[in-house]
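Below is one structure, written out as structure tokens; the observations come after it.
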Ligand SMILES: Nc1ncnc2c1ncn2[C@@H]1O[C@H](COP(=O)(O)OP(=O)(O)O)[C@@H](O)[C@H]1O
Ligand SMILES: [Mg+2]
């Protein structure tokens, strides 16, 4: 089957730093695909390039068989939605207004219904909807960031380190939500330093090291791989 997202030989530099040195990945519709790798491997750069925030030097990004537009807002309109590293919620806006920012493309059309959907998936956000986002805990802010992404009606959600800095119990909650999102038919590309969690949930995974994909396989295959265990799972 033709993959939903296909990245071919992608190259990105920041000045003299070669952040991506010919990265190729495929994401099948309906799956959770993860990219694991250490800090500085190029994971965020890969997501930023797919979502049009960083320009590539070479290579291709195709979505549903076509090249994506150049402008980030047009990429969102195609259904490719990025939830950035570090949540990036608007602390001085209410939870509801943060969600409405995610729905800006739809200008009132069915927005109340979309909000209801997020509140049913994330009940804590309903309870807190009139509070400023800055008053939320780290885990709640991560939920808000994901819910804001969902307000943009993604076909594929690009999640950058959703577990970063969160307590294990909260990480489990976030991962349960990622599974529910996939079960609602949204494809997920999940980038993580937390290899154990990401490999445990994904259908397929790639290992990114210094801007190069060095290994790939199903989550189970990589959990069993000696190289992955040594480098990413503490032996
Ligand atoms: N805006 C930037 N300017 C210069 N170098 C950057 C910038 N963003 C990332 N880098 C460098 O590019 C490499 C990949 O970074 P990044 O994609 O953030 O990795 P990861 O998300 O896997 O931690 C690193 O060497 C990082 O220092
Ligand atoms: Mg990163």
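The values are calculated or read from the model by the stated rules, or taken from the named source; none is laboratory data. As the structure is a computational prediction, the values presented were derived from the model and not from experiment. Cβ sites come from the backbone with ideal geometry, for glycine too, and all protein chains shown count toward neighbours.
What to note about this one:
- Count of the range 19-52 residues, restricted to those that are within 10 Å of ligand 1 (Cβ to nearest atom), over 21 Å from residue 231 (Cβ atoms) and either in contact (Cβ under 8 Å) with a residue 60 or more places away in the chain or in a loop (DSSP other than H, G, I, E, B) (or both), is 1.
- Residue check, residue 36 surrounded by fewer than 16 Cβ atoms within 10 Å (Cβ to Cβ) and either within 16 Å of ligand 2 (Cβ to nearest atom) or over 17 Å from residue 62 (Cα atoms) (or both): no
- In the range 193-227, the residues that are in contact with a strand residue (DSSP E or B) (Cβ under 6 Å, 6 or more places away or on another chain), assigned to a strand (DSSP E or B) and farther than 18 Å from residue 27 by Cβ: 212, 214
- Looking at 185, 165, just one residue is within 16 Å of ligand 2 (Cβ to nearest atom) and surrounded by fewer than 19 Cβ atoms within 10 Å (Cβ to Cβ), and that residue is 165.
- Of the residues 93, 20, 53, the single one that is within 16 Å of ligand 2 (Cβ to nearest atom), more than 23 Å from residue 201 (Cα to Cα), at pLDDT 95 or above and surrounded by fewer than 16 Cβ atoms within 10 Å (Cβ to Cβ) is 53.
- Looking across the range 118-133, the residues that are part of a helix (DSSP H, G or I) and either modelled with pLDDT under 95 or under 17 Å from residue 178 (Cα atoms) (or both) come down to 118, 119, 120, 121, 123, 124, 125.
- Qualifying position, being in a helix (DSSP H, G or I) and either crowded, with 23+ Cβ neighbours inside 10 Å or modelled with pLDDT under 95 (or both), among 180, 142: 142
- Filter pass, residue 148 being more than 16 Å from ligand 1 (Cβ to nearest atom), at pLDDT 95 or above and under 17 Å from residue 124 (Cα atoms): yes
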